[in-house]
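This report refers to the structure that appears directly beneath it.
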Amino acid sequence: MMLLPRWFLEAILLLISALAFTNAAFIGVNIGTDLTNMPSPSDIVSLLKSHQITHVRLYDANSHMLKALSNTTIQVTVGVTNQEILKIGRFPSSAASWVNKNVAAYVPSTNITAIAVGSEVLTESPHVAPILASALNNIHKALVATNLNFQVKVSTPMSMDVMPKPFPPSTSTFSPSWNTTVHQILQFLDNTGSFFMLNAYPYYGYTTANGIFPLDYALFKQLSAVKQIVDPNTLLHYDSMFDAMVDAAYYSMEALNFSKIPVVVTETGWPSSGGSDETAATVGNAETFNSNLIKRVLNNSGPPSKPDIPINTYVYELYNEDKRSGPESEKNWGMFYPNGTSVYPLGLSGGGGGGGGSEALNGTTLFCVAKVDADDDKLENGLNWACGQGRANCGPIQPGQSCYLPNDIKSHASFAYNDYYQKMKGVGGTCDFDGTAITTPRDPSYRACAYTGSPNANGTGGNFPPALGPASQVGGNANAVFVSIYHLPFLATLALTLLLVL
């Protein structure tokens, strides 16, 4: 057997790293743990899988979560806590121990691709800031020692507070009090080909601006001509506060002579509930923000100053965290309750969850079809439920109609399942049917039979408004919310495995 030279495999991994920011953008999700009824790691991973979530960020390196995430291909960002930074920054041996225990022990079966060293250290733990750059370097050196530095990038999330005047973006700079530390961090990111992690919250930008910016601007809604937000220095138009925040980071880096470090938004979101004085924290605003955020990120463009650099983004957060202190809104940033039900329907049509075709986050429609190995008796029960209680449009599968042939239970069940799913997914409808159904991005339409949700579905199932009837079946999984089109993990894992055995 011919063995590939080490330099060749290292080149592959380096190419993969370089391609990470030229590929289509992704949406990921943060997983906080400050809740009373924290689901088990296996339940969390089941939720991630059922919603096609393929990028997650952990705030620590919980061993149970990392084990549960193994063999899933989900890309994982693990976290060094703020409390661990001092020791790691002072002692390279501590960094090596941390990497061996929390990264090397799980790769490649767990697809760890990034390490977030701390969280908003400069503003939340300023006493640690002087040693932060050293901690980044020590972690990176430990990755080099384990041949993981090509797969795993190292960075540190920063809040918008490190840029005291983010608007207009073109004049934004980092706070002078942090210039030395920030310069060291940016030099590290530039040297290692990593990215700038930014926590950007238009919610706070709106609520603390005393009415300067309209709510629609924070929610990605179109502004009237008289309300357009324009940078007076560059004359660039900003359609959303999110874009302006990302550009503020780019201009702040350029002010320190760093122009090639991409920005990844490690946290953004909108609370669905708040106290009496938090009037912007509503379910409607949260649904609108996150739905429009998804569409914005997945159009694969960057902010006005960097239009060719997509904005990879992690939504904050997976679950509502009821144990968090502070205002009521702090407990309500999640998209799901601990039992796995959604706080609000999240879709891509009209800024909310609609009843038309279900769209995955990469812009493709997900269809619901019968599993090829499903039991015929269960399929018959599922078909009867969909056409009856589920109120699916089953006319096209009647004798003589466009979807009657082939006249078999799997074909008929697939059409009925999908019609129900497309109509009801926006209000909790699922694709499960007692374990006999599965979602697929492949359009199952054939000849004159167009499935609901298909671009050609105008004469058969069609794109109809939601039917009245039950929202879901017992034991179902919720509709897909997160899908990434980031296809590099497999290549990276393959190349890394080959590299390690040489």
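The values are calculated or read from the model by the stated rules, or taken from the named source; none is laboratory data. Remember, it's a predicted structure, so these values are computed and weren't measured experimentally. Cβ: placed from backbone, ideal geometry, glycine included. Neighbour counts: every protein chain shown. Ligands, DNA and RNA are stripped out before the accessible areas are found, and what is left, the full protein with its side chains, is counted by its heavy atoms. Shrake-Rupley method; radii C 1.70, N 1.55, O 1.52, S 1.80 Å.
Tabulated values for the structure
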| quantity | calculated |
| --- | --- |
| Hits among aspartates and glutamates - C-alpha to C-alpha of LYS49 under 14 Å, sequence gap 8 or more where chains match | ASP432 |
| Cut-off 15 Å between beta-carbons: net charge of the residues surrounding ILE438, Lys and Arg +1, Asp and Glu -1 | +1 |
| Backbone HN-Hα couplings from phi across the stretch 380-385 [Karplus 6.51/-1.76/1.60, Hz, Gly and Pro as x] | 5, 5, x, 4, 4, 5 |
| Dipole magnitude (debye, nearest 20) for the stretch 195-265, charges at Cβ of Lys, Arg, Asp, Glu | 80 |
| Gain in span if fully extended, SER175 to GLN401, counting 0.36 nm per residue against the direct Cα distance | 74.5 nm |
| Mean shadow area of the stretch 205-344, taken as a quarter of the surface of its Cα convex hull (nm²) | 9.8 |
| Solvent exposure ordering (accessible area, 1.4 Å, most first) of ARG442, ARG296 | ARG442, ARG296 |
| Å² per residue, accessible surface of the stretch 123-239 at 1.4 Å | 45 |
| Where Rh is the Kirkwood radius over Cα pairs, Rg/Rh for the stretch 235-287 | 1.14 |
| FRET efficiency for ASN257 and ASP434, using Cβ-Cβ distance with R0 set to 60 Å, rounded to 0.05 | 0.50 |
| Efficiency of FRET from Cβ geometry, LYS371 and ASP190, R₀ 41 Å, rounded to 0.05 | 0.25 |
| ALA105-ASN339 FRET efficiency (beta carbon distance; Förster radius 35 Å; 0.05 resolution) | 0.65 |
| Contour minus Cα-Cα distance for SER301 and ALA24 (0.36 nm per residue) | 98.8 nm |
